[in-house]
Structures are given as structure tokens and as C-alpha cells.
Amino acid sequence: MLIQESHQDVPTKAGGTMRIFIFHPTIPNYPKAKFPGVVVFSEIYQVTGPVQRFARQIASHGYIVAAPSSYHEFTGPEPLAYDGPGTDAGNAWKIEKTIAGYDEDATLSIDALAGLPTCNGRIGATGMCLGGHLAFRCAFDARVRAAVCYFATDIHSRSLGKGKADDSLQRVKDIKGELVIIFGKRDNHVPPEGRDLIRKALHEAGTTFSFYEPAWAQHAFIRDELSKGRYDPALAGICFQMLLELFGRTLNGDLGPASGEVGEVEDVC
């Protein structure tokens, strides 16, 4: 499936203009096709190359992907570098930004997808690291039917956002869609007792969820660039199939009638 890439710049109450990167699938001969939408939340480095490739991969399976830049209150939409200064900035802004600001970003991203004439209104969410936590919170919105959270940080410690006192665990009952939670067993950002706490909260809330902990996976094991030796493509592929199974079952698509038109292939290298 081919992908068209664009962006929307959306003003926010929290401050600044949020850039939402859009990755849109296209199918020849189906001009009235409608697709589900998926919000992809990035790690602390904003929408980097690995996040873009992850978004394209999802879009290629028939989902309109919206990837918001999280730090519009502090900087532009450009990604931070995977280096010391980039890491320091991302970690500092992660706890300077308010929870209300994070939640506004999620609402605006869902609004952007739902407002597209090519979206069927069925919305999912996913993300990695910080983005895993934001996907978890995005599922508080009743429009989100499913979410896949990769090694979500700060949920167990209740330490996201300004004041480092988020209410994510307290709001688990607000989640009505289905979740897939993925942590590596060797993830030293979220210790075993932290994962157990999240699992327990989901059980007690009666949430529909799956919880996976690959034995040898570390933090950031799906990141295909500068993962500091932690990238595991085989496990990343298996986890992506879990994402496709969940989204395929809960979101679905609507191609509409075929047009019968066959476009010419552009003669480019």
C-alpha cells in the first residue's frame, strides 16, 4: 500500500503550535476508501527517523497515522538527537510539560484523524517509551477502541509531567477499549515490581488487556536506530504482529466500491 505524507499545524491551549505528521495509505481504484486512524506517540526525542518508519509501517497496512510532536510548548517540531544534549532536553521537557498539555495533544490528534473524510472514525493508539504512556492515557478517550503500549515509562512511578504526579493508574477504569502492554523482562526503566503494579491495576479495573514480557528484551528494543545495542528485530516483528492483530480485529477498514480506473505508472527511477 502506498503512503502519502503531510502534516497539520494545530494551535494548542497549552502553548505553541503542535505539528501532527500524517501518514496516509492509498489504494489505486478505491477513491472512496475509508481507513481507521492510529495515533502514534513518540519517545522523548519527538518524531525521529525510527518513529517515522514505525508510522509508515502501520500506515502501509491500511491505517491513517497521526504522529504528534510532543514538545511544542518548548521547541519546534524537529526531532531531538539521540545524544546527551537531546536526551537531557527530552527528559527535562517530559516533566516540565503538564498532564493537561499531554491530554490536549491526544484529543487534538484524535480530532485531526476523525476530521478527515477518509477516516472511518475508528481510532487506535500506540507509542514507545514516553509514547507508550501517552498511548495508555490516550485510551481514556472513549473514541479509542484499542491501544498498544510499548515499554511505557512512568506509569508505575506516577511521575509523568509537571509535579511528577500523574493520575494514570487511578484512571485505568476510564479505559473502555482493549490494550496490549509490552515490556522487555530486562527493561531497567520499569522494574518487575512496576510491571506487576500496572498488571494488577488493569486486572482490578476489569480492563480487557494482554500483557507480554519477552525474556531477553531490554528497553527500546523496537528502535532500529541508535538503540545502544538493544534493538531486536525478530522480537520487534513479533510484537508488530500483535499490533496488527489487535487493530485489525477492533478497527477494520472500508474500501468502498472499486472505481474500475487504472492509473498510469509514473516513469521515474
Note to self: Regarding region 123-137, can at least one residue be identified that is among the polar types (S, T, N, Q) and farther than 21 Å from residue 53 by Cα?
What the structure shows: no
Check: Within region 208-257, can you find the residues that are in contact with a strand residue (DSSP E or B) (Cβ under 6 Å, 6 or more places away or on another chain) and either over 17 Å from residue 132 (Cα atoms) or of a type in the set (Ser, Thr, Tyr) (or both)?
Finding: 208, 210, 212, 250, 251, 253, 254
Notebook entry, point to check: Looking only at region 42-83, which residues are within 20 Å of residue 101 (Cβ to Cβ) and either assigned to a helix (DSSP H, G or I) or of a type in the set (Phe, Trp, Tyr) (or both)?
Noted result: 45, 51, 71, 74
Check: Does at least one position in region 197-204 carry a residue that is of a type outside the set (Ser, Thr, Tyr), surrounded by fewer than 21 Cβ atoms within 10 Å (Cβ to Cβ), out of contact with any helix residue (DSSP H, G or I) (no Cβ under 7 Å at 6 or more places or on another chain) and under 24 Å from residue 53 (Cβ atoms)?
Finding: no
Item checked: Hits in region 109-123 (condition: surrounded by 19 or more Cβ atoms within 10 Å (Cβ to Cβ) and either aromatic (Phe, Trp, Tyr) or farther than 13 Å from residue 145 by Cα (or both)) -> 109, 112, 113, 119
Next item on the list: Tell me, please, whether a residue that is touching a helix residue (DSSP H, G or I) at 6+ places or on another chain (Cβ under 6 Å), modelled with pLDDT of 95 or more, under 28 Å from residue 59 (Cβ atoms) and among the basic types (Lys, Arg) can be found in region 142-159.
Entry: yes
Item checked: Selection within region 1-13 - at pLDDT 95 or above and not in a strand (DSSP E or B) -> 12, 13
Checklist line | Counted residues, region 140-166 - those being within 18 Å of residue 64 (Cβ to Cβ) and part of a loop (DSSP other than H, G, I, E, B) | finding: 2
Item checked: Single residue of 159, 168 found to be under 27 Å from residue 48 (Cα atoms), out of contact with any Ser or Thr (no Cβ under 7 Å at 6 or more places or on another chain) and crowded, with 22+ Cβ neighbours inside 10 Å -> 168
Margin query: So, residue 175, is that one in contact with a Ser or Thr (Cβ under 6 Å, 6 or more places away or on another chain) and free of Cβ contacts under 8 Å to residues at least 60 places away in the same chain or not?
Written below: yes
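The values are calculated or read from the model by the stated rules, or taken from the named source; none is laboratory data. Quick caveat, the model's predicted, so the values are computed rather than measured. All Cβ positions, even for glycine, are placed from backbone atoms using ideal geometry, and neighbour counts span all protein chains on display.
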